[in-house]
1. Quick check on region 364-382. Is at least one of its residues assigned to a helix (DSSP H, G or I) and within 30 Å of ALA50 (Cα to Cα)?
2. Somewhere in region 317-338, is a residue among the aromatic types (Phe, Trp, Tyr), modelled with pLDDT under 95, farther than 30 Å from ALA274 by Cα and not in a helix (DSSP H, G or I)?
3. Can you confirm whether region 290-302 contains a residue that is closer than 30 Å to THR105 by Cα, free of Cβ contacts under 8 Å to residues at least 12 places away in the same chain and exposed (fewer than 15 other Cβ atoms within 10 Å of the Cβ)?
4. Of the residues THR409, THR400, THR395, THR419, which is more than 40 Å from the chain's Cα centre (by Cα), buried (at least 16 other Cβ atoms within 10 Å of the Cβ) and over 16 Å from ILE148 (Cβ atoms)?
5. Are there any pairs with C-beta distances below 8 angstrom linking a residue in region 174-190 that is on the phi < 0 side of the Ramachandran plot and assigned to a helix (DSSP H, G or I) to a residue that is surrounded by fewer than 12 Cβ atoms within 10 Å (Cβ to Cβ) and not hydrophobic (A, V, I, L, M, F, W, C), with the two at least 6 apart or on different chains, and if so which?
6. Being buried (at least 22 other Cβ atoms within 10 Å of the Cβ) and aliphatic (A, V, I, L, M) is the filter; apply it to region 168-201 and report the residue that is farthest from SER423 (Cα to Cα).
7. State whether one or more residues within region 278-289 are more than 45 Å from the chain's Cα centre (by Cα) and in contact (Cβ under 8 Å) with a residue 40 or more places away in the chain.
8. Restricting to region 166-198, and then to whatever is hydrophobic (A, V, I, L, M, F, W, C) and within 49 Å of the chain's Cα centre (by Cα), can you tell me which residue is nearest to LYS390 (Cα to Cα)?
Amino acid sequence: MASRKALAGTLLLAALVLSSGAWAQPPAPVIPPGIDLEKPLTLPQLVQIAMVNSPNPRIAEAGIRSADAALMLARAALLPDLKADANLTEYRSLPTSGALGGQFTTRTAELALTETFFQSGLRQQIEASRASARAARYGYDDTNRTLILTVAQSYYTALAAVGLAEVAMRAVADSQLHLDVVDAQISAGTSAKSDRYPFEVQLAQARLSAITAENTAKTSLTSLKNAIGLPSTGIIHVSQALGRPPKEGKLPDLIQEAYDQRPDAKQLNEQVKAAQQNLRVAEINAGPVLTVAGGANYGRYTGVTGDTWQISGGVSVPIFDSGRSKAAIDSARASLQTAQETLRSSQLNISAQVEANYLDMVAADAAIDAAESAYQSAKVSLAVAEEKYKAGLGTVIDVTDAETQFEQTDAAKVQAYYTYNTSLAALKASVGRPLVPAQPK
């Protein structure tokens, strides 16, 4: 009985959760104007889709708004403050023994202007907030840099997977052609029936490899959809083949460019500036703190009109604050050291990242030459083996071996172009160069 009650409670809870919308479907993806998902997509188009559908840029934009609001609050402390107040008070007392009750009404309306002309540390707080706002914008740029690199890598992976699927399908066609040739020769009596078996095996293996390659291509396209913020349902196609864009410049120049252009490096620089200003604020607040303020009031008070103005100045010197001022300075100094060391660590990582990507690009570029050479050699060897077999000068094993070698070099060529494109994209991103034309914010 208890288990039935528990089951009923679970079902009721599930119904309440579903009815509350906790499992609501995600919003439909936004497709930028001019992009048709039914047609093959280029890398710039994929980046456009990612920029409006990926949650990461939206999170970074929220960080910008938060930093801008903090800057506005900091600046407000030195800006004039105009305020209007109106009050109506009705007072009535009840009669008591020996005294009569009474009723009084007071009305006030006042317009007050106040401004802090100077306060120690306020301008440093504003500079710290301004640096944080700039850091938030660089953080947005770096979020986009990372997102675009992810999309590019997924795009090249999909191109490579599609290319390898095409290689596998060509292998099926070639194996079928070889099987047809040997069948014709068997019928003509120029080949033995046993010659058919190696080609049958090769065709079966080619078909299996084609199915595997096609599944890999579909999986890579699903990963690409996830990278650009589209749901897994539906089909997308990628355009262009893997090309060979020109290599980048010299390594020392690329490292220096990365220091100057990477938005994450600029973000850390601004965070150091903000930490420096925060330390200065903590030191100023340790005293003495000077304040100069002024204000003017104009109002009507129960039928009487009056106005006042005042200017005030003061100095505050903490004599004993239980160590709060010293702790604030120590904390700010530690935050500055953390920001400085984080920047230094980032610079070391940037240089190592650029160098590694540069070396990968150089090696991948050389690998394309080797793959192209091996492909052409295997293509010639296959043609020779086929002609020899047709002429009765070669064996069936010579043909199947040559075919296998050709398929391997064909796949290796696709892989070499893929590795080059991904390493070049990683190098550009690590330097801070755009992978596609700038996208509107």
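The values are calculated or read from the model by the stated rules, or taken from the named source; none is laboratory data. These numbers come from a predicted model, not from an experiment. Note that we place each Cβ from the backbone using ideal geometry, even for glycine, and neighbour counts take in every protein chain shown.
1. yes
2. The first filter runs over region 317-338 and keeps only residues among the aromatic types (Phe, Trp, Tyr), leaving 320.
The next check asks that each one be modelled with pLDDT under 95; those that pass are 320.
From what is left, the residues that are farther than 30 Å from ALA274 by Cα are none.
Checked region 317-338: no residue is among the aromatic types (Phe, Trp, Tyr), modelled with pLDDT under 95, farther than 30 Å from ALA274 by Cα and not in a helix (DSSP H, G or I).
3. The initial filter retains those residues of region 290-302 that are closer than 30 Å to THR105 by Cα, namely 295-302.
Keeping just the survivors that are free of Cβ contacts under 8 Å to residues at least 12 places away in the same chain gives none.
Checked against the condition, which is being closer than 30 Å to THR105 by Cα, free of Cβ contacts under 8 Å to residues at least 12 places away in the same chain and exposed (fewer than 15 other Cβ atoms within 10 Å of the Cβ), region 290-302 yields no hits at all.
4. Details: THR409 fails: more than 40 Å from the chain's Cα centre (by Cα); THR395 fails: buried (at least 16 other Cβ atoms within 10 Å of the Cβ); THR419 fails: more than 40 Å from the chain's Cα centre (by Cα).
Result of the check over THR409, THR400, THR395, THR419: THR400.
5. Cβ pairs passing all conditions: ILE186/LYS193.
6. VAL182
7. yes
8. Looking only at region 166-198, we keep the residues that are hydrophobic (A, V, I, L, M, F, W, C), and these are 167-169, 171-173, 177, 179, 181-182, 184, 186, 188, 192.
From what's left, within 49 Å of the chain's Cα centre (by Cα): 167-169, 171-173, 177.
Details: VAL167: 25, ALA168: 24, MET169: 24, ALA171: 20, VAL172: 20, ALA173: 18, LEU177: 13 Å.
Here the residue is LEU177.
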